[in-house]
1. Can you tell me the relative contact order of the range 1-120? Whole percent, Cα pairs under 8 Å, sequence separation 6 or more.
2. Tell me, what is the 1.4 Å probe accessible area of S126, in Å² to the nearest 10?
3. Anyone know which of M75, M29, M56 comes out most mobile in the 10 Å Cα GNM of the chain?
4. Would you kindly find the accessible area of I41, with a 1.4 Å probe and non-protein molecules such as ligands, DNA and RNA excluded, rounding to the nearest 10 Å²?
5. Skipping prolines and chain starts, which residues have an amide H placed within reach, meaning under 5 Å, of the one on V109, given they are 5 or more residues away or on another chain?
6. Please report the accessible area of K120 (heavy atoms, 1.4 Å probe, ligands and nucleic acids excluded) in Å², nearest 10.
7. Taking K67 as the anchor, which lysines have their alpha carbon closer than 17 Å to its alpha carbon, excluding any fewer than eight residues away along the same chain?
8. Counting Lys +1, Arg +1, Asp -1, Glu -1, what net charge surrounds L27 among other residues with beta carbon under 14 Å of its beta carbon?
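The values are calculated or read from the model by the stated rules, or taken from the named source; none is laboratory data. Since the structure is predicted, the reported quantities are computational estimates derived from the model, not experimental observations. Heads up, the Cβs are rebuilt from the backbone with ideal geometry, glycines too, and the neighbour counts pull from every protein chain shown. SASA here: full protein model, heavy atoms, side chains in, ligands and nucleic acids out. Shrake-Rupley method; radii C 1.70, N 1.55, O 1.52, S 1.80 Å.
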Amino acid sequence: MELELKRMELGCYQPVLDTTAYREETLEMIVPATCPDILRIVDTEGRACLRQREAMDGSVQLAGSVKLTALPDDMEGIWKLEGEVPFQCVVENANVTSRCAVVASARVVAAETRAINPRKVLFRVSVALCVQAYAPGTADFCVGVEDEERWGVQQWLE
């Protein structure tokens, strides 16, 4: 007595890429004329924003920016200086095709602002890009037994 299983193919996505890429970007910025001269930088904070993620044959392309907020001091008080540092990243993998679905996130690892002179700053940011790509495929599932009445097989479905 040998039972044969009923099989059914269902569409699904198979993981083909799971990695983290790191980028470091810099941007020089002139302090706006409406702002006072910078004596020192107290703190810097950054927020990453991923604007584009695209699967291509052999790679995943990512693009976005980090919005930075620096807190300079000018002897009279602390004020806010904002800047935006763009980034682009290409993650290469032979298993990725243009049909893949991409899941990606960006986070700031480190951000700093340095005063080059009282009217010019250098923003430096490190970004971690977590990338997963999934290729469309099929999976084979067991959905029962062939000729179940003949073999006396009972199934409970919930």
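1. On the way: 204 pairs, mean separation 36.5, N = 120.
That works out to 30 percent.
2. 30
3. Of the options given, M75 has the highest mean-square fluctuation.
4. 40
5. S126, V127, A128
6. 70
7. Once the sequence-local lysines are set aside, what remains near K67 is K80.
8. Values: positive: R23, K67, R114, K120, R124; negative: E24, E25, E28, E82, E84, E112.
With Lys, Arg at +1 and Asp, Glu at -1, the net is -1.
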